[in-house]
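All remarks here apply to the structure that follows.
Just so it is clear, none of the values below were taken in a lab; they were calculated from the coordinates. These figures come from a predicted structure and were not determined experimentally. Counting neighbours? That spans all protein chains shown, and the Cβs are built from the backbone with ideal geometry, glycine included.
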Amino acid sequence: MKRLHWFIAAAAVVWLLSAFRAPRDPGFAYHEFGRLPLVFNGRLQPFDSFARNTLLQIRNKQSMRDSAEKRTLPATEWAVEVMMKPDVANARKAFRIDHPDLKGQLKLAMDADEKNGEDGKHYSWNQLLPSWQEVQEQAEKAPEDASKHSAYDRAVLKLRNAMGLYAMLQATLQPPRTTNFPAELAAYQASIPAGVTALRDRLSGRPFDTNAMINVLEYCQRYLPLSSMRAPLIIPPHHPELPRDQWMKVGDALFEPGISPRLLRQLMGEEDLSNADYRDLITQAGTGKLHPAVGQFASMTDAYQKGRVADFNQLVSRQLQDLGSTFGTEITKASREQVYNDFAPFMKSMVLYVVAFLFSAAFWFTFSDWTRRSASALIWIAFIVHSAALITRMWLEGRPPVTNLYSSAIFIGWGSVGLGLLLESIWKNAIGLATGSVLAFATLIVAHNLSLGGDTLEMMQAVLDTNFWLATHVVIVTLGYSATYFAGFLALLYVVLGVGTRALTQDMARGLTRMVYGILCFATLASFVGTVLGGIWADQSWGRFWGWDPKENGALIIVLWNALILHVRWGGMVKERGLHLLTIGGNIVTSWSWFGTNLLGIGLHSYGFMSAAFWWLIAFAATQLVIIAAGLIVPQASWISFRTHPPAPGTNSRVPSKSPTPQSA
Amino acid sequence: MVAHMLVRAFNFLASLRLTVALLAMSIVLVFFGTLGQVNLGLYEAQERYFKSWLVLWQPVSSLPIPVPLPAGYLLGTSLLVNLLAAHFKRFKFTWKKSGILLTHVGIILLLVGQLATDMFATESYLRLTEGQTRNYSEGQRETELAIVDVTDAGNDKVIVFPESRIQRGATLSHPNLPFRLGVKEYAANSDLRPRGPQSGGEPQAPAGIATRFTFSPEATTAAMNSRNVPFAIVDVEDPQGSTPPNRWVVSPYASDEALRISIERSFRRKLGPEMTSALVGTLARPQEFSFANRRFQIALRPTRYYTGHALELLSFKHDKYIGTDKPKDFRSRVRLHDPAVGRPREIDIYMNNPLRHAGLTYFQAGFDEMDPNARTTILQVVQNPSWLAPYFGCVVVGVGMTVQFLIHLVAFSVRKSRPAAPSVPAPAAA
């Protein structure tokens, strides 16, 4: 039994390492394709991330389960299919719709129906396409102000966004419904010189070749939607020295050698250019060559459509090699991010935290030290994974750890585990372990739900774009959240174990009280310093130290609440129980500041608006109030723990040390 | 007896129970003040909940049963008094409590600093298009009725009346003005619609913008992204009564460049370019009249803050993240002309890099988002003589809390390392 925790730790490490094997594709090299870099959402990322985030917004999942084929497609495979084999992809039920009214409006199957292959939740592009107009109209009706959206409005807007993303994906590499794009590209390239000559002749009043002109313009017209729509920039710059901003979408690359979209629109009578501008555009209309990557992707698509696995795989490898010689850093970055995606570190740590919590809870009831040691070992392993993932994210973004709501959740969990391990190193009673692991698990669940919104490594608005302040103000405020939650969860433990079980011994109660007090002091310090640093940042940015912005106010409430608890205790107005009950209130206050203020949809910090969270927030606050009420109503002498372990005579266990006279000064 | 009561009152003011009660009330106030912003907007909520002594809080918005709550000034002042009294009563310097003392000194600094900011700071905006030079900034919501004597070229004399004095039926006069102003009509928010030659009825005034537009009152707005645009009908009256009154319609729709541009954009779509330029031309033309052989202009304009120096916008740059509309960076290159400094100098103003000059701070606040060429910058101009107070306050509190925290930590680890102390009471805080 003495060495048992080593075996448990070793098992966890083996489990983690086994996840590092790169997946092997038996057929098409999807995994390799997923490593190809592109620019989307303003940042460089592997195709894999782009595909995952797209599917996440369409289906709430990072993979595509096909119940007919009884297999799960990775995001990249699904995306490749949408781009290259739309006939197959369009029949897959990729769109998740939950709102019954919306299903009714679009006349979709409401319930599962095995015979027709309907599950009542997922629908295919083919099923939705006839309702495209309807979805647009319904979306137009949604009020502009996001805080006034009903659940139905949100469902419609989500579907419109999902359909838009899907349409974008279909037209990422070539115009939809194209076969043999390589041959078409060759013909287009060949048509450019004669077409441009015809345009020049026409401009200078010479006789011109109408057919040549129309020929090239027809191609251009076909490609115009690709250049005007939002799409991932998958074509790299011509030269590696060119700045990042030179990445292009296929639509732009198609127009590079010949006629510009503006000139085309002028010829179509959609633009009102001056004669001089018109003349300039015609003079500039080049006779250059198409970017080779466009052809490369066209050949890949062709090979894929015709099922030539070896050709496709070879083309993907070649593309990676070609890029590797000139865009080495980009490829490295993209492939690291793909490894990070595949490994799913936060999921892994979540599992470890749960197991660790069970071990530490077992310790209070059995007092066998191996359970505590196992919990400790597992949490250390999870903490290392958690930290490594945090650092990887920072490296990918080039930013301090907290940049949005998602990363704040990750960081609050991380801070809690850190605090828990620190407490454990002092007390060795599994309390720090249990609290840290529960909080980490809960915040990682929150983070997972936030990640459904799309890319979590998004670029930041200009105002927030200052690493110094992100590293100080945001990190310290978030640590303040962490510490306040930690104290609150310790206090929860005190009440729940005390009222409902026999596990709260006198020693444990005393220990908990001291931990809560110490962590509260730290929480007050961190929230205060963090809040004030935010004030200084605001003063530097727009000359206003304090603007009563909802998020600022939320942080202020945390500071005031913690200060109130400390003063109440110093004044001897509450005893041990009161201290814990007030500290549980800190959970509500912190949740309000962290999430509630964003739900108002006003102010400078309303960057993460989501109202599904509203009900969770209310539910969480309600549970906290119930526990506070339970601790308040049940007299402490009747708590199960205190009936089992009555205070020894002479020790005043319920009164934490306090000076007899109030002396806050 | 009286002495006894005074002692009791003082003890109450210095008590920790009062501190706790005030902290609790502050939490309630900040919470309701935040919620209030949803309906009232940030500015109005701030005025009602934080920049006042009492606030009438309405628990149910449909029921007019207001509950009075202590507002920001009352709570701030009370906390200050409580803190000072407590220190006065119990002040005894020991190293063990030095951190707490420092913390409270810092909090006093913060409270006083915030009060001073509320009282003395002004915020205004400077809108500049590339090539433009200005020596004044403008208030965002305050307006003023300005009478400018333009008789001597190059030496304008300006007399202004704040908007708060403009009420229907009010009469405004000034010793340096040969006439009185009678306010016939006023609305805090308004709308305007164009008036063609065939529109029926009399125009609201015989000359100026009223010939082309009709103004009508609107409900006031509190939303963050919209603003109130007032209008007034004013008679220029001869105190002797020898000349008949001269009527004018005044409104920031005419005097505020940003508003004029937005009107121009919305009209251009509906009415076409020619009609629009005729209409907007009327709005832009100063409304001028003569009285007693002097020439005057009349306008209801955003309150102006003359700066004593001038800023010229050389260029404005706005970068977005590639393939998105997310702003990445925006910055203004300006030239500062200040006779007191000598040669003009050039400065870049961008996010987190303001220009501080002559007691004013210029921040990059925004730009004209409707302008496709993005050539117009918007700078926020702040004058706040007490801007350094929170910096000192924070440092003092931060140091104080850290010191106190370390004192406890050291004491704790010393006790922890002593083996023969099985049940140590929790660390005494204060």
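Which ordering of B:361, B:402, B:34, B:133 is given by a fewest-first count of other beta-carbon atoms within 10 Å?
B:133, B:402, B:361, B:34
At 222 nm, what value in deg cm²/dmol follows for the protein assembly as shown if DSSP H runs of at least 4 each add -39500 (n - 2.57) and the sum is divided by all its residues, to the nearest 500?
-17000 deg cm²/dmol
Take residue A:157 and residue A:644, extend 7 Å from each Cα along the Cα→Cβ direction, and tell me the distance between the two endpoints in nm.
Roughly 5.1 nm, to one decimal.
In percent, what relative contact order does segment A:459-561 have, based on Cα pairs under 8 Å that are 6 or more apart in sequence?
Rounded, it is 35 percent for segment A:459-561.
Using a 10 Å cut-off around each Cβ of peptide B:11-22, what is the average number of partner chain Cβ atoms that fall inside?
Partner-chain Cβ atoms within 10 Å, mean over residues of B:11-22: 4.
May I ask which of A:249/B:326; A:70/A:249; A:249/B:320; A:85/B:320; A:575/B:92 have a Cα-Cα span longer than 23 Å here?
From A:249/B:326; A:70/A:249; A:249/B:320; A:85/B:320; A:575/B:92, over 23 Å: A:70/A:249; A:85/B:320; A:575/B:92.
How high is the FRET efficiency between residue A:137 and residue B:202 when r is their beta carbon distance and R₀ equals 51 Å, given to the nearest 0.05?
So, using R0 = 51 Å, E works out to roughly 0.70.
Can you list residues from other chains, or at least 5 along the same chain, whose modelled amide H is less than 5 Å from the amide H of residue A:73?
Answer set, sorted by chain and number: A:64, A:65, A:66.
Taking Cα pairs under 8 Å and at least six residues apart, what relative contact order does chain A come out at, in percent?
Relative contact order comes out at 11 percent.
Check which residues have an amide H placed less than 5 Å from residue B:142's amide H, if you skip close sequence neighbours.
Those lying under 5 Å, H to H, from residue B:142 are B:303.
Would you order A:524, B:117 from fewest to most other beta-carbon atoms within 10 Å of each residue's own beta-carbon?
B:117, A:524
Hey, which lysines would be in cross-link range of residue A:551, C-alpha to C-alpha under 21 Å, not counting anything within fewer than 8 residues on its own chain?
A:148, B:51
Please average, across the residues of B:320-331, the number of beta carbons from any other chain that are within 10 Å of each residue's own beta carbon, and give a whole number.
6
How large is ³J(HN,Hα) for each residue in segment A:525-536, as worked out from phi by the Karplus curve 6.51 cos²θ - 1.76 cosθ + 1.60 (θ = phi - 60°), to whole Hz, x for Gly and Pro?
4, 5, 5, 5, 4, x, 4, 5, 4, x, x, 5
Quick one: 3J(HN,Hα) in Hz for segment B:32-40, Karplus 6.51/-1.76/1.60 with θ = phi - 60°, rounded, Gly and Pro as x.
My calculation for segment B:32-40 gives 5, x, 6, 4, x, 5, 4, 8, 8 Hz in order.
Once label points are set 7 Å from the Cα along Cα→Cβ at both residue A:618 and residue B:325, what is their separation, rounded to one decimal in nm?
Output for this residue pair reads 3.3 nm.
Kindly identify chain A as rounded, prolate or oblate by the Cα gyration tensor criterion: order the square roots of the eigenvalues as a ≥ b ≥ c, call it rounded if a/c is under 1.5, otherwise compare a/b with b/c, prolate if a/b is larger, else oblate.
The shape class here is prolate.
So what is the relative contact order for chain B, in percent, with contacts set as C-alpha pairs under 8 Å and at least six apart?
Across chain B, relative contact order equals 18 percent.
If we sort A:127-134, B:236-243 on the protection proxy, mean other Cβ atoms within 10 Å, highest first, what's the order?
Result, highest mean first: A:127-134, B:236-243.
Enter the Cα centre distance for the pair segment B:172-246 and segment B:62-131, rounded to the nearest angstrom.
Centre-to-centre (Cα) distance: 42 Å.
How many angstrom separate the Cα center of segment A:327-354 from the Cα center of segment B:1-47?
Taking the Cα centre of segment B:1-47 as reference, the centre of segment A:327-354 is 50 Å away.
Once you have the Cα-Cα distance between residue B:140 and residue B:268, take 0.36 nm times their residue separation minus that, and quote the gain in nm to one decimal.
43.5 nm
Cα gyration tensor of segment A:25-107, axes a ≥ b ≥ c as square roots of the eigenvalues: rounded (a/c below 1.5), prolate (a/b > b/c) or oblate?
It is oblate, given that a/c is not under 1.5 and a/b is not larger than b/c.
Sort A:330, A:137 so the one with the fewest other Cβ atoms within 10 Å of its own Cβ comes first.
In increasing order of surrounding Cβ atoms, one gets A:137, A:330.
Among B:374, B:340, B:146, which one shows the highest mean-square fluctuation when chain B is modelled as a Gaussian network with alpha-carbon springs under 10 Å?
B:340
Round to the nearest 0.05 the FRET efficiency obtained for residue A:272 and residue B:240 when R0 = 51 Å and r is the Cβ-Cβ distance.
According to the calculation, E is roughly 0.30.
Is there a simple number for the mean count of other chain Cβ atoms within 10 Å of the Cβ of residues in B:397-407, and what is it?
2
Give me the lysines in straight-line cross-link reach of residue B:89: C-alpha distance below 19 Å, same-chain residues under 8 apart excluded.
Within the straight-line limit of under 19 Å, residue B:89 reaches these lysines: B:97.
Return the sequence-ordered ³J(HN,Hα) values of segment A:291-307 in whole Hz as given by the Karplus equation 6.51 cos²θ - 1.76 cosθ + 1.60 applied to θ = phi - 60°, using x for Gly and Pro.
My calculation for segment A:291-307 gives 4, x, 5, 4, x, 4, 5, 5, 5, 4, 4, 4, 4, 5, 4, 8, x Hz in order.
With each pseudo-label sitting 7 Å past Cα toward Cβ, what's the residue B:47-residue A:365 distance in nm, one decimal?
Here the answer is 6.1 nm between the modelled labels.
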